[in-house]
Amino acid sequence: MPFDLSLYLITDAELCAGIGLEKTVEAAVQGGITMVQLRDKHASDEHMIAQAKRLKAVLAGSGVPLIINDRLVVAAESGADGLHVGQSDTAVQEARQTLGSNAIIGLSINTLTQLQDAPLELLDYVGLGPVFATASKQDHAQPIGFEGLAQLASASQLPCVAIGGLKAEHAARVKAAGADGSAVISAICGQPDPRLAAQAFHSP
Ligand code: TZP
Ligand code: MG
């Protein structure tokens, strides 16, 4: 599946509790998000598989891929389009072997060393960050700022998306630093109007 990292929504069930995940994603697609990642650090695999299937139904016909955070079994059994892993999650090699060559596989990167050590030939994209400190991820790595982002983006031979504390007002600087787009949780999840919140990234 072709993919576009311009505006990558990562879901948080608690933040989306008001209108729910499906309605949030549906509205955000109308607002122009280009990727969705289902991320849930607490749910069971079974719950996540069911949630992923519901999101796939919401995304049908939109061309927006659904990526699963961290859980290889969920990605393999839900019909999702790919998997995103962190530095201490499932190995990229195992993910590629299980999901096959058509899956979209991404890896989180915080340092140049991590980028140099990444199995680029097995990856489709990298997530670079956190750009800023954020309350949306516990124990996140050291923020890299726009300077760190620019360093990593220029060293990356793969498409790359910036993450961590990003708001619509940062979209232009993210692109100027060399990233292909922004990945966000709280700038869209839990916002009063997720459609408008997504749109703001395209015309800040
Ligand atoms: N990985 C690095 S920062 C982050 C993740 C999942 C959270 C991003 O959330 P927000 O609300 O966009 O800062
Ligand atoms: Mg992870």
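Quick note: the coordinates plus some simple rules give every number you see, no bench work behind them. Note that the structure is a prediction, hence the values are computed from the model and not measured. Using ideal geometry, Cβ is built from the backbone for each residue, glycine included, and neighbour counts are taken over all protein chains shown.
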Return a whole-number percent for the relative contact order of segment 65-138, with Cα pairs under 8 Å and 6 or more residues apart as the contact set. 24 percent
Distances longer than 29 Å among the Cα atoms of the chain: what percent of all pairs is that? 15 percent
What residues have an amide H closer than 5 Å to that of I104, excluding those fewer than 5 places away on the same chain, when H is modeled at 1.01 Å from N in the peptide plane? G82, L83
Top mean-square fluctuation among Q142, Q97, Q151, Gaussian network model of the chain, C-alpha springs under 10 Å? Q97
What ³J(HN,Hα) values, in whole Hz, does the Karplus curve 6.51 cos²θ - 1.76 cosθ + 1.60 give for segment 13-18 when θ = phi - 60°, with x put for Gly and Pro? 4, 5, 5, 8, 4, x
Highest-MSF residue in the chain out of G127, G82, G63 [GNM, Cα springs under 10 Å]: G63
Take peptides 183-190, 131-138 and line them up by average Cβ neighbours within 10 Å, highest first, as a rough protection proxy. 183-190, 131-138
Where the centre of each part is set by its Cα atoms, how far does segment 114-175 sit from segment 1-67, in angstrom? 20 Å
So what are the ³J(HN,Hα) numbers for segment 50-60, from phi and the Karplus equation (6.51, -1.76, 1.60; θ = phi - 60°), rounded to whole Hz, Gly and Pro as x? 5, 5, 4, 5, 5, 5, 4, 5, 5, 8, 3
Normalising by the residue count of the chain, find the relative contact order in percent from Cα pairs under 8 Å and 6+ residues apart. 23 percent
Checking R71, R173, R39 against a Gaussian network model of the chain (alpha-carbon springs below 10 Å), the top fluctuating residue turns out to be R173
